[in-house]
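The values are calculated or read from the model by the stated rules, or taken from the named source; none is laboratory data. Computed from a predicted model, the values in this text were never measured in an experiment. All Cβ positions, glycine included, derive from the backbone under ideal geometry; neighbour counts span all protein chains shown. For accessibility, only protein heavy atoms count, side chains too; no ligands or nucleic acids. Shrake-Rupley method; radii C 1.70, N 1.55, O 1.52, S 1.80 Å.
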Amino acid sequence: MSIITLLTDFGLQDEYVGVVKGVILSINPAATLVDITHGVAAQDVHQAGDILSAAFNYFPKGSIHLIIVDPGVGSGRSIIGLRLNGHLFLAPNNGVLTHILDRYDVEEIVEVSNGQYFLNPVSQTFHGRDIFAPVAAHLCLGVELKAMGPAMPEKKALRLQTERPQIDAEGVLKGKVVGVDRFGNLITNISLNHLEPLSCQKQGRVLTIKAGKTAIQGLAEHYSQVAKGEPLAIMGSRRCLEVVVREGSASQALNLKKGDPVLVYSSAVESPTRNTE
Amino acid sequence: MSIITLLTDFGLQDEYVGVVKGVILSINPAATLVDITHGVAAQDVHQAGDILSAAFNYFPKGSIHLIIVDPGVGSGRSIIGLRLNGHLFLAPNNGVLTHILDRYDVEEIVEVSNGQYFLNPVSQTFHGRDIFAPVAAHLCLGVELKAMGPAMPEKKALRLQTERPQIDAEGVLKGKVVGVDRFGNLITNISLNHLEPLSCQKQGRVLTIKAGKTAIQGLAEHYSQVAKGEPLAIMGSRRCLEVVVREGSASQALNLKKGDPVLVYSSAVESPTRNTE
Amino acid sequence: MSIITLLTDFGLQDEYVGVVKGVILSINPAATLVDITHGVAAQDVHQAGDILSAAFNYFPKGSIHLIIVDPGVGSGRSIIGLRLNGHLFLAPNNGVLTHILDRYDVEEIVEVSNGQYFLNPVSQTFHGRDIFAPVAAHLCLGVELKAMGPAMPEKKALRLQTERPQIDAEGVLKGKVVGVDRFGNLITNISLNHLEPLSCQKQGRVLTIKAGKTAIQGLAEHYSQVAKGEPLAIMGSRRCLEVVVREGSASQALNLKKGDPVLVYSSAVESPTRNTE
């Protein structure tokens, strides 16, 4: 298997992504290169971790995933080589792997440090080109992960603090917007697991989703259940709750952005919407 | 042949395009994936149809074209599998195939419904990942189109109303801007066929193209015929009339956008330009 | 070897890049296509030349590089086929090859004119599709460069005037910003060679980099040497001096853009910064 995926904050206006690919293909011309995205906000390690977690499992086992969102490039931060759920990952040790480390058992983890597989010289500003690309290409050629550096204790892998949705004393689940996609859909950190304790079996009650000043009753099955321009709540492509405006941008219509709270609670059906703020 | 093209409104900031490619490569690692564009305006079925029509024939016969601009995802809308002019197409039945259905004879058309080739489960928000990608990958592996679902009467394929340029009683051809490209070029729906009845054989007369307040006399052969910053009219890359500003943006300079009218008529050479509005 | 790279100002919102790839794959389905970038500013031949020069050497020898930034398309401008440092290049004869012609010995240079390898008909607006793509595909199949047209005297290759950094009578090196990347980093035209005459061996003196109203003392080794939001100067990924704001945009913070001057001079350590303008 010879798939290498790329997940970076490089954008597409410069030569950076092309150069990384050139280095890989110089070492392994048979590698299949796939962009996950290069549109991560500059230095946004949280966003990159969310996207990695949402995407990697759709690639074949044996794929090698490069995650290059690396504000600490050139400093003392180490580079992790990780095997987990049959996939390989190369990433700076800055917390971008938090979600997948939380979710899967580590199969192998090394600190990438064997300069034999790096470009020479190694710059202090572009390890994507000088370290990540050539190491990935060699792994893809069949070099073993352990050749890249010494085993690393798993606890040395940096973890980001991630705020999980919590149910407060009044039974309100407090989550938040973790991403706004191209369509303006508001992606939250609320999964089905978080909603289960709130599930409304009782007659006359329904889940209410409060995003900004808008309250939405019930989860939709598909976008077409409401009129164009109307908001709805739905379990989205990442299997998390999303607040969406049909054929419009929820972010614009509801004036909400990344980091803003989204509340879920059980309420009486057809209660007046809470638009009193 | 193993080329799969992708034409979507997903943009490139999220993981959506990468995930679709991951699913395809998980089923058929040998597929060659080519992006036509992911920059279609959100839910703009007309734009996607124009782009598909302009692009698909430059790919080899046997290519499989995925068109995922799908405002009705998760609703009752069906999915079309189509063979035409030696190419295969997978698209929601929402009119995005109108132009190519108008232009070519259908060789085979099915309603894609055989869940055996879908991911399991199928979400209500991301059929690109759960249906289009795996079906394309299987077609690319050699599974026959008819295995994907029952034959579909061609008339059940939804057609968009497309406004064609018309010549009015005074001999004025009325077309419109159907797209503005990266350069700010104004792409119209006027082809050479539409211009033929106006063709100016008579001495002293010339085709005049009126876009906004600007009147342009004659069709240019290439951009360099006018000075930098000056407007010209030319048969463009899609073999349709374009209004262009040399090394500038016609959209900005002429203050025109998609949907705005463009008129063509025969007039006396060197008549004063009609800038009197 | 079958790598073809693409460097254009087409952007990604239209079908243009996809169409070029379709034409190549129709002729040579085994070609490996890699985007360097399609984000060059419209018609910006200087920027394309800088990017080409920074990127091409990271690809394997034998790669074919298409540079399609072509304001003169359809006019009399010729098309160059060039072999140099083991790489092949196809570009309009508009100066985009200046840097690489300055830096390497020409191995072979032809004027691409053999219509046998072009699409038929050739449009006046899209030679990327009609000439560059099919010629690259045939070269990639093993057709020799000399088959594409007659040998061209090297002096007929158009050169751009490029302003090089100069040291003035007072010992101040005057360079300028030649690019702003996705991160807002200010890329200058100042390389280590230019800095050498200024090198500060004397005790108590240091290189000072002046960008807009900000003076920075000394070259940093990596971004983390300053606090977040602070500026630094560093030899960047292109091996040229860059002015950077850690985890921020230097272009925004310092209010500088392409073309603005950057000065370097030797000064006493810890002199007050020159913010008096």
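Data table
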item: Some residue of segment C:57-75 being of a type in the set (Ser, Thr, Tyr), open to solvent by 10 Å² or more (accessible area, probe 1.4 Å), out of contact with any Leu (no Cβ under 7 Å at 6 or more places or on another chain) and within 26 Å of A:Arg129 (Cα to Cα); result: yes
item: Subset tally (residues that are open to solvent by 10 Å² or more (accessible area, probe 1.4 Å), without any contact (Cβ under 8 Å) to a residue 60 or more places away in the chain and hydrophobic (A, V, I, L, M, F, W, C)) for segment A:39-51; result: 2
item: Of all residues making up segment B:113-130, the number that are open to solvent by 60 Å² or more (accessible area, probe 1.4 Å) and out of contact with any strand residue (DSSP E or B) (no Cβ under 8 Å at 6 or more places or on another chain); result: 3
item: Segment A:168-192: number of residues that are away from chain B (no Cβ under 14 Å), in a loop (DSSP other than H, G, I, E, B) and either open to solvent by less than 10 Å² (accessible area, probe 1.4 Å) or out of contact with any Leu (no Cβ under 8 Å at 6 or more places or on another chain) (or both); result: 3
item: Identity of the residue in segment B:226-247, touching a strand residue (DSSP E or B) at 6+ places or on another chain (Cβ under 9 Å) and farther than 21 Å from C:Arg129 by Cβ, that ends up nearest to the other protein chains (Cβ to nearest Cβ); result: B:Lys228
item: Close pairs (6 angstrom Cβ cut-off, 6 or more residues apart or separate chains): at the interface with chain C (Cβ under 8 Å from one of its Cβ atoms) and aliphatic (A, V, I, L, M) in segment A:1-21, open to solvent by 10 Å² or more (accessible area, probe 1.4 Å) and in a helix (DSSP H, G or I) anywhere; result: A:Val19/C:Tyr58
item: Residue selected from segment B:193-220 under the condition open to solvent by 60 Å² or more (accessible area, probe 1.4 Å) and within 16 Å of B:Cys240 (Cβ to Cβ), by the criterion modelled with the highest pLDDT; result: B:Leu219
item: Subset of segment C:80-90 [open to solvent by 10 Å² or more (accessible area, probe 1.4 Å) and either part of a loop (DSSP other than H, G, I, E, B) or of a type in the set (A, V, I, L, M) (or both)]; result: C:Asn85, C:Gly86, C:Leu88
item: Pick from segment A:91-120, criterion of a type in the set (Val, Ile, Thr) and either assigned to a loop (DSSP other than H, G, I, E, B) or in contact (Cβ under 8 Å) with a residue 60 or more places away in the chain (or both), ranking: farthest from A:Ser191 (Cα to Cα); result: A:Val112
item: Check on C:Ile51, closer than 13 Å to C:Ala133 by Cα, more than 9 Å from chain B (Cβ to nearest Cβ), part of a helix (DSSP H, G or I) and hydrophobic (A, V, I, L, M, F, W, C); result: no
item: Index of the failed condition, A:Ala54 passing every other in (1) surrounded by 24 or more Cβ atoms within 10 Å (Cβ to Cβ); (2) out of contact with any Pro (no Cβ under 8 Å at 6 or more places or on another chain); result: (1)
item: Residue that is modelled with the lowest pLDDT, among those in segment C:98-143 that are out of contact with any Ser or Thr (no Cβ under 9 Å at 6 or more places or on another chain) and of a type in the set (Val, Ile, Thr); result: C:Val122
item: Selection within segment A:67-79 - assigned to a loop (DSSP other than H, G, I, E, B) and either free of Cβ contacts under 8 Å to residues at least 24 places away in the same chain or of a type in the set (Val, Ile, Thr) (or both); result: A:Val69, A:Gly72, A:Val73, A:Ser75, A:Gly76, A:Arg77
item: Identity of the residue in segment B:21-48, closer than 21 Å to A:Phe10 by Cα and in a helix (DSSP H, G or I), that ends up farthest from the chain's Cα centre (by Cα); result: B:Gly22
item: Qualifying residues in segment C:221-236 (those that are surrounded by 19 or more Cβ atoms within 10 Å (Cβ to Cβ) and not small (Gly, Ala, Ser)) - the one farthest from C:Glu163 (Cα to Cα); result: C:Tyr223
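Here is a yes/no grid of residues against (1) β-branched (Val, Ile, Thr); (2) over 24 Å from B:Asp102 (Cβ atoms):
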position: B:Ser2; (1), (2): no, yes
position: B:Leu33; (1), (2): no, yes
position: B:Thr37; (1), (2): yes, no
position: B:Val40; (1), (2): yes, no
position: B:Val45; (1), (2): yes, no
position: B:Leu52; (1), (2): no, no
position: B:Phe56; (1), (2): no, no
position: B:Leu66; (1), (2): no, no
position: B:Gly76; (1), (2): no, yes
